[in-house]
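What follows is calculated from the coordinates using simple rules that are stated; it is not laboratory data. Quantities reported herein were computed from a predicted structural model and do not represent experimental measurements. Using ideal geometry, Cβ is built from the backbone for each residue, glycine included, and neighbour counts are taken over all protein chains shown.
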Amino acid sequence: MSYADTPFHAGELAAQQRAGAGHIAKQAAPFIRDFMPDQHRNFYEAQPFLVAASGDAEGRVWATIIEGPDGFVQSPDPRKLELSTQLDPSDPLAQTFYDGADVGIVGIELATRRRNRLSGRTRPTDSGFAIDIRQTFGNCPQYINERDWWRVARNGDAEPVLSDHLSPAQIAHIAQADTLFIGSGRHGPQEDASNGFDASHRGGEPGFVRVTGPNRLRIPDYSGNNFFNTIGNLLENPRIGLLFVDFASGGLLHLTGRAEIDWTPAEARDPNILRMIDVQVDAVIERPEALSLRWSAQPTPSTKLVVTDKVNEAKGITSFHLAPANGQVLVSFQAGQHLPVALEIPEQKTKVRRTYSLSSNPGDEHYRITVKREPQGVASTFLHDKIDVGDVLEARPPAGDFLIPLGNSPLVLVSAGVGLTPMVAMLHHSVQKNGDRPVWFVHGARNGHHHALRNEVDQVIAANRNAGKRVYYSAPVRTDQLGRDFDAEGRITVNELLALNAGDSAQYLLCGPAGFVTELKSGLEAAGVPKSQIHFETFGS
């Protein structure tokens, strides 16, 4: 596959192949858009800051934070952001943005662990600058340490400190950091959407970034979405920008340098570390109290949830019912959101963090996560084999923006395998809160042995005249009865979805393996369904 046929450039494709994820280029292509869906536009407009990456006049790459007053980010259309703000002259990218430059952006909501990324090009405006979008996509919530934020009156008197190496105090700060932002970029031989810069987030336990000398850092690379935007850029252009935030004081520590990828780190202390990024630091800018924003110095405290029930739903699929261990009222969630959990597994040196979609009715007085056992899954195996009723799990508040679109247009909820978990929550919510809204529940499973939550879905649909379902078994067994247990043999196809005649305004929500979502999304678009009416989430690495 040439990079002309994919949203990924040659460096990203090479990194994917090297990591054994060569399939991702085709599967992920539909998830990378040239416009922002409404949920992303609303997300960016609600942010008090954005993290940005670009290059300066000397070709060095930097990462920085752009802040502004409430509402300083606006999206007048799906391909544009407008930022009404002025950057401090001490910011290494201040002049770059106003002159017009390629830029990478990550919007990250530390309090809820939501994040989205985009790349584009800036141009000056009367109130600041605008960003014309090239590429945009959602990002998984892993490794984000939650923090609450507030504003203070900025002093503005602190002078920046420039150096060509890290001071002892700066090294000490990095040794305590649990959050890092990375800037990287490349420019190919042609004007392609994958040209430009990328801003990304890295997180972990305090000290996850190692300082090995006044000019040397080692950054672990964990399992992620397998897009390899950062590493792919670094394979083509080793220049890198790093940003550490002092959450308590609003200070920013900018580093710029060059990076190499260690694909087989011998000294990895954490089995989740797959690669290391070695950085040679060339320049340092420390900007004390650079921001008016402040965050809680420590991540938002987690909640203790006790397992009140453990239910075998299907072969290899188990539900865990969770309630507050302290008897307090459960934090509400929106249908489609996930629950971040942190597991203390004896043989693991650090907590294993995972996010599982909430499959319960949002109106219930307990959470429910429905987990599929993965053969090599450290977390899922531990949950299935070791966690039982009465055990306590650590969790953060529910988060995520894979939500039911507003309005009364018909909903088509489409899932495969354990991808039905957010759809069950959406089904419950839809029939209870908006019973006049037509909703289709379309699900694919291998057979009845692998079909989870079947009776629950049947009962919900039977009680609502505007709800319908279609179930597909790809390999039914003798005990599966057509017309009773499933409606058709085979897999869900675009033609089958269109045959529902849900209408031109129907909203399609897709969840399942990446290949499943990719095929249906591409097919719906080819059939003329507007991209704005197709919403999706995938599971797995």
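Before moving on, here are some points about what is shown:
- Span from the the range 374-391 Cα centroid across to the the range 432-498 one, whole angstrom: 28 Å
- A Cβ-based charge dipole, computed about the Cα centre of the range 303-395 with Lys and Arg at +1 and Asp and Glu at -1, lands at about 280 debye.
- Sites count as exposed loop sites when they are GluC sites (Glu not before Pro), lie in a DSSP loop, and have at most 16 other Cβ atoms within 10 angstrom; the longest stretch of the chain without one is 366-541.
- For the chain, the longest principal axis of the Cα atoms and the long axis of helix 420-433 meet at an angle of about 70 degrees.
- Candidates Pro422, Asn466, Gly528 compared by Cα position along the dipole of the range 415-534: farthest toward the positive end lies Pro422, with charges placed on Cβ.
- Computed on the chain, with alpha-carbon pairs under 8 angstrom and 6+ residues apart, the relative contact order is 12 percent.
- Relative contact order (%) - criterion: Cα under 8 Å, at least six apart; region: the range 411-538: 28 percent
- In sequence order, calculated HN-Hα J values of the range 363-376 (Karplus, 6.51, -1.76, 1.60; Hz; x Gly/Pro): x, 6, 8, 8, 8, 9, 10, 10, 10, 8, 6, 9, x, 10
- Only Lys, Arg, Asp and Glu carry charge here, each on its Cβ (+1 for the first two, -1 for the last two); on that basis the chain has a dipole of about 1240 debye about its Cα centre.
- For the chain, the mean residue ellipticity at 222 nm estimated from helices alone is -5000 deg cm²/dmol, where every DSSP H run of n ≥ 4 contributes -39500 (n - 2.57) and the total is divided by all residues, rounded to the nearest 500.
- Scalar couplings 3J(HN,Hα) for the range 475-486, obtained by applying the Karplus form with A = 6.51, B = -1.76, C = 1.60 to θ = phi - 60°, are 9, x, 9, 4, 7, 7, 10, 5, x, 10, 8, 8 Hz; x denotes Gly and Pro.
- Amide proton proximity set for Tyr356, modelled H, under 5 Å, gap of 5+: Leu339, Val341
- Working from label points 7 Å from Cα in the Cα-to-Cβ sense, the Lys304 to Lys80 distance is 5.4 nm.
- Taken about its Cα centre, the range 248-373 carries a charge dipole of roughly 400 debye when the Cβ of each Lys and Arg holds +1 and the Cβ of each Asp and Glu holds -1.
- Computed from label points 7 Å out along Cα-Cβ, the spacing between Asp38 and Ala462 is 3.5 nm.
- Among Thr308, Pro69, Ile273 the positive-end extreme of the charge dipole of the chain (Cβ point charges): Thr308
- Checked against a 21 Å cut-off, the cross-linked pairs Lys372/Lys531; Lys433/Lys531; Lys310/Lys386; Lys469/Lys531; Lys315/Lys433 give Cα-Cα distances beyond that limit for Lys372/Lys531; Lys433/Lys531; Lys469/Lys531; Lys315/Lys433.
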